[in-house]
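Peer 1: Structure below; questions to follow.
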Amino acid sequence: MILALETSCDDTCAAVITRAGEIRSNVVSSQGIHDRYGGVVPEIASRHHLELVNAVVDDALAQAGATLDDAELIAVTQGPGLVGALLVGVATAKGLAAARRLPLAPVDHLQGHVAANFLAPDPVEPPFLCLLASGGHTLLARVTEHGTHQRLGTTLDDAAGEAFDKGARLLGLGYPGGPALSKLALDGDPGAFAFPTAARVGGLDFSFAGLKTALLYKVRELGEEEAQRRRADLAASYEHAIVETLMARVERALEAEPDARLAIGGGVAANARLRERAAGLGVPVKVPPIALCTDNAAMIGSAARWVEPVPFPGYLGLDAYPTAA
Ligand code: KG4
Ligand code: ZN
């Protein structure tokens, strides 16, 4: 069995999976302490990882009915992410692996999101296109083999989830803003305001910074009272613009690969409008269960199956990396 850890952002995660990709346990401890700051505070996240990680690993083993003796491989997210947060996972993984002289598999976080699609009971086989949209990343990738992905497009500024969060904040909603904003949007008209969808950004890259500014100006233009009265319309139009920004690139990529399939991951994959829009693309679409779309360690264990494991003691000097290469 593979024991996997993921601590790249604010969720402390551990999972036990089999080599065949069956999930025996998948524990996520959400810190829930960043809400009051309107976003994740890196130093606070690291400290909480440190407090939680041993208990989360114990939970993952207990729920799997396993002990450390059953682990053949320790997998851990090496990057990208918050470096202090990553270091807690990497150091813990090294300690667990070294104590049993086990090999260690360092995993790329984005490849982890891709590999969520390879987990049982309903794995997708390459080739497919993969759209990842979360609070930290926005990526369109082509997946032709299990162990890697080819980046087709990424965001030039904010991530899609970040756009949801910042828009929600402007509308006076709490953090994380995505779920709150899309709930409010249910009562609004997505055509009420025309927000930009970064149509001028060529190729398959994304941009959300202009959209956020457009919302800010619109709220100012309407004035406090009117903006308050039309909050649902603002939310619906803003959500529409984010979904269209994402889907325009997906459509562009699909034009080049008419018989491609699409897989969607990241926290924004929870968005109902996005799912609806993707379902209408006319290609098979796979959205893993939400627990596997948001950050979790099962996806890291899954990716580790195609990573060359580092034998003891070669990984003792292993470092985390904060940004994608
Ligand atoms: O993958 P995730 O849990 O964490 C990382 O950022 O890696 O993604 C969280 C992001 C947040 O920005 C949140 O606002 C967004 O996903 N999100 C949503 C929805 N649920 C979560 N955005 C839009 N609609 C949703 N229903
Ligand atoms: Zn992520």
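Peer 1: Within the stretch 49-69, is there a residue that is out of contact with any strand residue (DSSP E or B) (no Cβ under 6 Å at 6 or more places or on another chain), touching a residue at least 40 places away in the same chain (Cβ under 8 Å) and within 16 Å of ligand 1 (Cβ to nearest atom)?
Peer 2: no
Peer 1: Restricting the first residue to the stretch 10-37 and requiring it to be farther than 17 Å from VAL53 by Cβ and in contact (Cβ under 8 Å) with a residue 12 or more places away in the chain, which pairs with a second residue that is assigned to a strand (DSSP E or B) and open to solvent by 10 Å² or more (accessible area, probe 1.4 Å) meet a Cβ separation below 6 Å and a spacing of at least six or different chains?
Peer 2: Partner pairs satisfying both residue conditions: ILE17/ILE23.
Peer 1: Being touching an Asp or Glu at 6+ places or on another chain (Cβ under 9 Å) and open to solvent by 30 Å² or more (accessible area, probe 1.4 Å) is the filter; apply it to the stretch 85-107 and report the residue that is farthest from ligand 1 (Cβ to nearest atom).
Peer 2: ARG100
Peer 1: Shifting gears a bit: Give the residue, chosen from VAL283, VAL268, that is hydrophobic (A, V, I, L, M, F, W, C) and either more than 25 Å from VAL27 (Cα to Cα) or assigned to a loop (DSSP other than H, G, I, E, B) (or both).
Peer 2: Residue meeting the stated conditions: VAL283.
Peer 1: Taking the condition of being surrounded by fewer than 24 Cβ atoms within 10 Å (Cβ to Cβ), within 23 Å of VAL41 (Cα to Cα) and away from ligand 2 (no atom under 14 Å from the Cβ), how many residues in the stretch 108-163 meet it?
Peer 2: 3
Peer 1: Of these, VAL219, VAL243, which one is in a helix (DSSP H, G or I) and under 30 Å from ALA115 (Cα atoms)?
Peer 2: After applying the criteria, what remains is VAL243.
Peer 1: Among the residues that make up the stretch 72-83, is at least one of them under 23 Å from SER8 (Cβ atoms), over 16 Å from the mean Cα position of the chain (by Cα) and within 16 Å of ligand 1 (Cβ to nearest atom)?
Peer 2: Yes.
The values are calculated or read from the model by the stated rules, or taken from the named source; none is laboratory data. From a predicted model like this one, the values you see are computed outputs, not experimental measurements. No Cβ is skipped: glycine too gets one built from the backbone with ideal geometry, and neighbour counts run over all protein chains shown. Calculation scope for accessible area: heavy atoms of the full protein, side chains included, ligands and nucleic acids excluded. Shrake-Rupley method; radii C 1.70, N 1.55, O 1.52, S 1.80 Å.
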